[in-house]
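Read-outs: derived from the displayed coordinates by stated rules, not from any lab. As the structure is a prediction and not an experimental result, all values here were calculated from the model. Glycine also receives a Cβ, built like all others from the backbone with ideal geometry; neighbour counts cover every protein chain displayed.
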Amino acid sequence: MSVKIIRTKDYDEMSLRVAELLAAEIRAKEAPVLGLATGSTPVGAYCKLIEWNKAGELDFSGVTTVNLDEYKGLDGDNDQSYRYFMNTNLFDHVNIDKTRTHVPDGTIEDPEQACREYDEIIAATGGVDIQLLGMGHNGHIAFNEPSDAFSEGTCCVRLTESTIEANKRFFDSADQVPRYAYTMGIGSIMAARKIVIAVSGSDKAEAVKKAFTGPVTPWVPASILQEHPDCTLVADEAALSLL
Ligand code: F6R
């Protein structure tokens with residue numbers, strides 16, 4: 001297995017390690033392109049980045065970002081949208097130029113147009129230097145759910161019941177979780193020069209085991225990361241407990 005593993009004691013240490021990897025990339029390049037994720041996993045790392053930015057130790061002025069995904073039908077002012085999440089958990093608190101922060105546009109009705117436009121945005125950045133990922137309980141990365149083939153570019157996906165179930169905690173009820181999302185494809189994720197996947201908690205241990213020690217299969221989307229030349233798994237002891 002070529003995936004590097006950074007084992008941490010707990011969520012807080014995982015967050016620190018992830019933030020250090022992102023910060024190193026930001027410091028190393030004049031115009032770094034970060035691929036970012038939403039969800040519970042990266043929140044602690046974003047807090048660290050904000051802390052270092054406020055302390056004058058980390059400059060976001062040259063940074064461009066592309067996010068993995070967005071719910072179809074939600075606009076950026078909707079507090080359940082991933083654009084809103086990124087603004088409130090990171091962008092509003094650092095000196096980043098918001099016009100260089102990109103999230104798929106959930107308000108575009110036509111999936112073909114939405115996906116084409118997002119692929120053009122990703123291409124115009126010149127490519128992602130470091131892509132941060134979380135992982136779903138079913139091994140999904142971004143909203144690429146288990147299926148019989150790996151996706152290429154941005155696509156419109158129907159969320160699985162397990163993902164709707166997992167994400168309903170952010171909504172008033174499961175009924176309110178949008179059924180469709182726009183997501184970066186597996187091909188686009190794999191094109192990133194570096195990948196960091198962060199995983200925390202014993203509830204993800206089975207998925208970690210399947211993704212990183214099992215066969216590479218689109219039925220466990222994260223398993224494709226075994227084929228990436230520079231992928232680091234940052235996970236706490238609980239998430240690594242079955243490895
Ligand atoms: C979020 C994303 C998802 C999450 C995954 C884990 O942009 O693409 O794949 O990374 O569902 O979510 P959490 O971190 O909430 O467990």
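Restrict the search to region 108-193; then list the trypsin sites (Lys or Arg not before Pro) that DSSP places in a loop and that have at most 12 other Cβ atoms within 10 Å of their Cβ.
For trypsin sites (Lys or Arg not before Pro) across region 108-193 that sit outside H, G, I, E and B with at most 12 neighbouring Cβ atoms in 10 Å, the list reads R179.
Does region 25-69 classify as rounded, prolate or oblate by the C-alpha gyration tensor (a ≥ b ≥ c root eigenvalues; a/c under 1.5 gives rounded; else a/b over b/c gives prolate, otherwise oblate)?
oblate
Stretched out fully, how many nm does the piece from A24 to A124 gain, at 0.36 nm a residue minus the Cα gap?
The A24-A124 span can extend by a further 33.7 nm.
Measuring from label point to label point, each 7 Å out along Cα→Cβ, what is the K54 to K168 span in nm?
Modelled inter-label distance: 3.6 nm.
Mind ranking 22-28, 233-239 by how tightly packed they are, going by the mean number of other C-beta atoms within 10 angstrom, highest first?
233-239, 22-28
Could you pull out the pairs from K29/K194; K168/K204; K29/K98; K4/K204; K29/K204; K29/K54 whose alpha carbons sit more than 25 Å apart here?
Too far apart for the 25 Å limit: K29/K204.
If I take the Cα coordinates of region 97-161 and project them onto the principal axes, what are the three extents in Å, biggest first?
For region 97-161, the Cα extents along the three principal axes come out at 35, 29, 20 Å.
Give, rounded to the nearest 20 debye, the magnitude of the charge dipole that region 92-243 has about its Cα centre when Lys and Arg contribute +1 at Cβ and Asp and Glu contribute -1 at Cβ.
Dipole of region 92-243, to the nearest 20 debye: 380 debye.
Given the Cα-Cα distance of L243 and T88 and 0.36 nm per residue of separation, how much length would full extension add, in nm?
Gain on extension, L243 to T88, equals 52.3 nm.
Lys and Arg at +1, Asp and Glu at -1: add these up for the other residues within a Cβ distance under 13 Å of W219 and post the number.
Combined, the nearby Lys, Arg, Asp and Glu give -1.
Which value results when the Cα radius of gyration for the chain is divided by 2.2 N^0.38 Å?
For the chain, the normalised Cα radius of gyration is 0.94.
Just to be sure I follow: if Rg is taken over the C-alpha atoms of region 114-221 and Rh is the Kirkwood radius over the same atoms, what is Rg/Rh?
0.97
Would you calculate the separation in nanometres between label points at E152 and K98, each defined as 7 Å from the Cα along the Cα-to-beta-carbon direction?
Inter-label distance under the simple model: 3.5 nm.
Give me the log10 of I(q) over I(0) for region 13-155 at q = 0.20 Å⁻¹, as the Debye formula computes it from C-alpha points; what are the numbers?
Once normalised to I(0) and log-transformed, intensities are -1.35.
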